[in-house]
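The values are calculated or read from the model by the stated rules, or taken from the named source; none is laboratory data. Note that the structure is a prediction, hence the values are computed from the model and not measured. All Cβ positions, glycine included, derive from the backbone under ideal geometry; neighbour counts span all protein chains shown.
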Amino acid sequence: MSEQPIDTCMEKIVSLCKRRGFVFQSSEIYGGFNGFWDYGPYGIALKRAVERQWWLYMVEKRNNVVGLDSSIICHPKVWKASGHVDRFGDIMCDCKQCKTRFRVDQMPDPTTCTNCGSKDLTPPREFNLMMKTYVGPVFDEEHIAYLRAETCQPIFLDFHSIRIATRMQLPFGIAQVGKAFRNEITPRMFTFRSREFSQMEMEFFCADEGSMEWFEYWRQERWNFYLNVLKFPVEKLHLHPHDKLAHYAKAAVDIEYEFPFGWGELEGIHHRGTWDMSQHQQFSEQDLQYLDQTNNTRYLPTVVETSVGLDRMVLAILCNAYDEDRAPTQKEGMEDDVRVVLHFPATIAPVQVAFLPLSKKLNQNAQDLQAKFLGRYRTELDVTGNIGKRYRRQDEIGTPYCVTFDFDSLEDNAVTVRERDSMAQERIPIDNLRAYLDEKVLG
Ligand code: GAP
């Protein structure tokens with residue numbers, strides 16, 4: 001799966017993802033395809049819910065950010081203008097002894113193999129990360145096009161169309177969620193570095209004056225998202241300001257998360273100056289300046305970007321949620337046993353409420369109750385196995401609430417609601433169930 005050793009915790013997460021159908025290798029029956037992943041039913045439910053929270057936070061709860069869904073393939077000149085065709089690559093070398101491939105800039109000593117110590121290395125070579133395709137009937141140089149390497153470029157291209165259509169004035173942002181493709185030389189750490197992945201990016205267009213205040217604002221907003229929406233513990237997060245800045249940038253900072261394999265970049269918040277707009281102005285030969293009607297001046301907007309990989313965010317959520325504790329068991333001779341549990345916040349859990357009939361005879365009753373909540377929460381009806389096993393199965397996929405319909409329910413019109421983290425159980429009248437769950441699940 002990964003070319004590098006991963007520690008036990010990571011192995012357990014990867015194995016749980018496969019076993020419970022969150023994420024597994026693409027094209028598995030053909031031996032897999034390195035750097036490509038498929039999300040099964042729970043995985044896609046989680047991914048969609050996370051994307052939904054990002055969109056709510058970044059677009060729908062504001063009146064100064066609007067959305068875009070652009071094509072994946074755009075004019076090849078776009079990638080020339082952005083610098084991706086000429087400069088988007090890694091300098092790599094291979095060890096001739098152990099065949100390990102390295103990014104030269106990541107080697108402590110570029111003359112020595114980090115893996116086996118050999119000095120027999122290939123000369124450094126440049127690999128471009130853009131994925132190529134052909135558009136049109138002829139497969140030649142003239143018809144080369146690229147799958148986008150980042151979702152932000154079309155935002156710059158569409159800035160004026162969107163501004164005119166929405167009558168937005170600076171400062172305002174444009175957000176996009178979608179696929180990006182990079183021919184990564186060393187895809188690794190499960191979905192952390194993939195060749196096909198989704199990005200969630202927002203470009204905030206403003207005047208240069210005041211742009212650093214916007215940079216600070218978005219840095220804080222993004223930090224708050226991890227703490228308040230995803231409920232990450234603060235000690236698992238880290239702000240990493242860039243030491244070396246691109247010549248056009250005034251500031252850049254990454255939000256890092258402590259994965260089981262170490263600190264890794266989750267998101268970048270970048271002050272991009274007028275670089276992107278000026279490159280596209282030059283290559284398209286169009287005037288991309290903004291007319292500021294407040295003081296009748298024309299200028300290229302300055303851009304502050306927030307950019308995060310959705311798959312990487314989902315991986316961090318899985319790592320953060322994964323836990324093993326002890327819970328009562330019905331296994332012979334044992335009072336308790338290891339419980340694998342995913343502590344997802346209820347807003348993003350793939351299944352928010354599971355309905356469990358205590359006996360086969362009550363299956364229809366539980367199903368009728370579930371029917372009342374379909375479309376309101378993400379639900380599941382779980383009818384097989386003893387109740388302890390079913391709780392364990394739900395814990396393992398991170399379901400925050402299990403509703404058990406038992407024989408008493410027929411008499412008292414109430415159900416038992418069991419909370420995942422505390423395992424506490426509460427008897428709730430069915431008439432109050434919606435209000436009770438709304439408060440817990442929808443927040
Ligand atoms: N528009 C700026 C940009 O794309 P980036 O640092 O190259 O910047 C932004 O990528 C984010 O996209 C990263 O912080 C990471 O979360 C995600 N990302 C980048 N490459 C990735 C890959 N190969 N696999 C998964 N996620 C990736």
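A few points about this structure:
- Screening Glu201 on (1) acidic (Asp, Glu); (2) over 21 Å from Leu310 (Cα atoms); (3) touching a residue at least 60 places away in the same chain (Cβ under 8 Å) shows it passes everything except condition (2).
- Test: residue in the range 52-70 that is over 25 Å from Tyr248 (Cβ atoms), of a type outside the set (Lys, Arg) and touching a Lys or Arg at 6+ places or on another chain (Cβ under 8 Å): no
- Residue list for the range 100-149, restricted to those being of a type outside the set (A, V, I, L, M, F, W, C), more than 25 Å from Ile72 (Cα to Cα) and touching a Pro at 6+ places or on another chain (Cβ under 8 Å): Pro110, Thr114, Pro124
- Residues in the range 202-238 that are touching a helix residue (DSSP H, G or I) at 6+ places or on another chain (Cβ under 7 Å) and within 16 Å of the ligand (Cβ to nearest atom): Met202, Glu203, Phe204, Phe205, Phe225, Leu230, Phe232, Lys236, Leu237.
- Selection of first residues in the range 31-51 that are within 16 Å of the ligand (Cβ to nearest atom) and of second residues that are part of a helix (DSSP H, G or I) and basic (Lys, Arg), restricted to Cβ pairs under 9 Å at least 6 apart or on distinct chains, gives the following pairs, ordered by first then second residue: Tyr39/Lys47.
- Looking at Leu369, Leu374, just one residue is in contact (Cβ under 8 Å) with a residue 24 or more places away in the chain and among the aliphatic types (A, V, I, L, M), and that residue is Leu369.
- Among the residues of the range 277-322, those identified as more than 16 Å from the ligand (Cβ to nearest atom) and either in contact with a Lys or Arg (Cβ under 9 Å, 6 or more places away or on another chain) or under 17 Å from Arg193 (Cβ atoms) (or both) are Phe283, Ser284, Asp287, Gln289, Tyr290, Leu291, Asp292, Tyr322.
- Test: residue in the range 149-160 that is away from the ligand (no atom under 15 Å from the Cβ) and hydroxyl-bearing (Ser, Thr, Tyr): no
- Against the test of being of a type in the set (A, V, I, L, M), closer than 29 Å to Glu324 by Cβ and at pLDDT 95 or above, the options Leu374, Leu433, Leu410, Leu437 yield a single qualifying residue, Leu437.
- Among residues of the range 248-276 that are under 11 Å from Phe215 (Cα atoms), those with a Cβ under 6 angstrom from a residue that is within 9 Å of the ligand (Cβ to nearest atom) and not basic (Lys, Arg), sequence gap 6+ or separate chain, pair up as Ala252/His270; His270/Glu305; Arg272/Glu305.
- Hey, Thr133 more than 17 Å from Asp90 (Cβ to Cβ), within 16 Å of the ligand (Cβ to nearest atom) and outside any helix (DSSP H, G or I) or not: no
- Residue match in the range 166-179 (condition: surrounded by 15 or more Cβ atoms within 10 Å (Cβ to Cβ), among the basic types (Lys, Arg) and in contact (Cβ under 8 Å) with a residue 12 or more places away in the chain): no
- Members of the range 310-349 found to be in contact with a Ser or Thr (Cβ under 8 Å, 6 or more places away or on another chain) and under 28 Å from Gly375 (Cβ atoms), listed by number: Leu310, Asp311, Val314, Ala349
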